[in-house]
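Everything on this sheet refers to the single structure shown next.
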Amino acid sequence: MKHLLSINDLSVDDIETIFTTAAEMHDVQRREVKKLPALRGRTVINLFFEDSTRTRSSFEIAGKWLSADTINITGKGSSTSKGESLRDTVLTVCAMGVDALVMRHHASGSAQQVSEWVDAVVINAGDGTHEHPTQALLDAYALQQRLGSLEGRRIAVVGDLTHSRVFRSNVLCLTKLGADVTVVAPPTLMPSGVEAWSKSAGFATSYDLDQVLPTADAVMMLRVQRERMNGAFFPTAREYTVRYGLTRDRLAALKPDTPILHPGPMNRGLEIAADAADAAQSLVLDQVSAGVAVRMSVLYHLLAGEESA
Ligand code: NCD
């Protein structure tokens with residue numbers, strides 16, 4: 001595998017290898033001196049055309065802890081704001097001698113397109129509403145750290161599925177790992193074509209959160225992505241919360257210790273109540289910490305290669 005564009009690029013063995021290395025990287029993260037020489041002399045560019053807090057900074061930290069030189073370029077501060085095309089921007093950046101491009105862009109399929117233009121390794125850090133593979137890997141890793149094997153575990157993925165690349169990558173990753181996934185959304189936020197996809201990929205769909213929660217072994221809440229909505233997808237925020245929010249009452253209906261995940265950023269009070277976000281069973285910050293370890297692992301495997309392991 002040269003690039004990481006989609007969870008479809010990975011076999012179950014690849015995912016397990018990434019997790020094994022991530023666990024070693026997690027130990028490095030807990031040390032006082034967090035530095036490995038593995039990517040010394042390599043250059044990683046974070047090219048972000050959409051806003052990001054945790055994905056961009058965790059890729060940057062991951063690169064730095066592996067001793068790579070990491071540079072951030074954002075859409076607003078780059079020449080794309082002067083009208084330069086994406087192709088010219090990536091060719092320019094790569095002409096400087098870059099080894100890896102970690103890329104986030106609002107167009108679905110953009111990471112794949114860029115991988116056809118450049119020689120550098122391309123890692124998709126979110127392409128429109130399509131995929132966000134490292135997020136799904138870190139979610140599954142964090143969950144596995146808490147639950148052990150995900151085989152047969154019932155996992156509910158809830159929220160704005162239509163606009164969510166995290167949902168798409170997670171369904172692929174969790175089902176690959178043998179989990180029993182049910183995705184829950186209001187009809188207006190259930191992506192078109194999901195019925196056919198759910199049949200072929202082997203996951204379930206539901207409009208009824210209260211029916212799904214009591215048997216769930218883990219719940220992943222997804223953000224309502226207002227910035228991607230160009231119309232009204234639900235009557236009011238209050239109604240969304242009443243039907244689809246992880247409210248205090250629904251938290252009480254979960255089995256005790258059921259892990260709660262959210263990729264962040266959270267809309268507290270909309271899709272997730274503060275009590276749920278901050279509950280002892282919440283994995284939100286474990287996900288962030290796992291993010292650095294998993295991204296170190298991905299960078300390591302794509303750039304250092306097995307031969308230098
Ligand atoms: C997600 C993203 O950007 O796709 N966030 C993230 O990477 N942690 C989800 C979101 O924005 O809601």
**Message:** For Gly291, only one of the following conditions fails: (1) more than 16 Å from the ligand (Cβ to nearest atom); (2) touching a Ser or Thr at 6+ places or on another chain (Cβ under 6 Å); (3) of a type outside the set (Lys, Arg). What is its number?
**Reply:** (1)
**Item:** Long-range neighbours under 9 Å by Cβ, at least six apart or interchain, first residue in the same structural domain as Val90 (by TED's automatic domain parsing) and closer than 14 Å to Ser81 by Cβ within region 43-57, second within 8 Å of the ligand (Cβ to nearest atom) and part of a helix (DSSP H, G or I)
**Value:** Phe48/Thr55
**Complete:** A careful count of residues in region 223-247 that are touching a residue at least 60 places away in the same chain (Cβ under 8 Å) and assigned to a helix (DSSP H, G or I) gives 2
**Prompt:** Within region 168-178, can one find any residue that is of a type in the set (Gly, Ala, Ser), within 16 Å of the ligand (Cβ to nearest atom), without any contact (Cβ under 8 Å) to a residue 60 or more places away in the chain and not in a helix (DSSP H, G or I)?
**Reply:** no
**Message:** For the condition more than 17 Å from the chain's Cα centre (by Cα) and touching a residue at least 24 places away in the same chain (Cβ under 8 Å), what is the one hit in Asp257, Asp278, Asp286?
**Reply:** Asp257
**Message:** So Leu137 passes all but one of these: (1) within 14 Å of the ligand (Cβ to nearest atom); (2) touching a Lys or Arg at 6+ places or on another chain (Cβ under 9 Å); (3) not assigned by TED's automatic domain parsing to the domain that holds Ser282; (4) not in a loop (DSSP other than H, G, I, E, B). Which condition number does it fail?
**Reply:** (3)
**Item:** Scan of region 188-218 for residues that are touching a residue at least 40 places away in the same chain (Cβ under 8 Å) and within 16 Å of the ligand (Cβ to nearest atom), ordered by number
**Value:** Leu189
**Request:** Select, from Ala111, Ala125, the only residue that is within 16 Å of the ligand (Cβ to nearest atom), touching a Lys or Arg at 6+ places or on another chain (Cβ under 7 Å), in the same structural domain as Ala62 (by TED's automatic domain parsing) and touching a residue at least 40 places away in the same chain (Cβ under 8 Å).
**Result:** Ala125
**Complete:** Among (1) of a type in the set (Asp, Glu); (2) more than 13 Å from the ligand (Cβ to nearest atom); (3) within 23 Å of Arg168 (Cβ to Cβ), Asp257 falls short only on (3)
**Prompt:** What residue, of Val122, Val157, is within 19 Å of Val224 (Cα to Cα), of a type in the set (A, V, I, L, M, F, W, C) and outside any helix (DSSP H, G or I)?
**Reply:** Val157
**Request:** Kindly list the number of the only condition in (1) assigned to a loop (DSSP other than H, G, I, E, B); (2) more than 15 Å from Ile123 (Cα to Cα); (3) at pLDDT below 95 that fails for Met1.
**Result:** (2)
**Request:** Scan region 37-86 for residues that are in a strand (DSSP E or B), more than 16 Å from the ligand (Cβ to nearest atom) and out of contact with any Leu (no Cβ under 7 Å at 6 or more places or on another chain) and jot them down.
**Result:** Thr43, Asp69, Thr70, Ile71
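The values are calculated or read from the model by the stated rules, or taken from the named source; none is laboratory data. It should be emphasised that the depicted structure is a prediction, and the values quoted were computed from it without experimental measurement. Neighbour counts run over all protein chains shown; Cβ positions are idealised from the backbone, glycine included.
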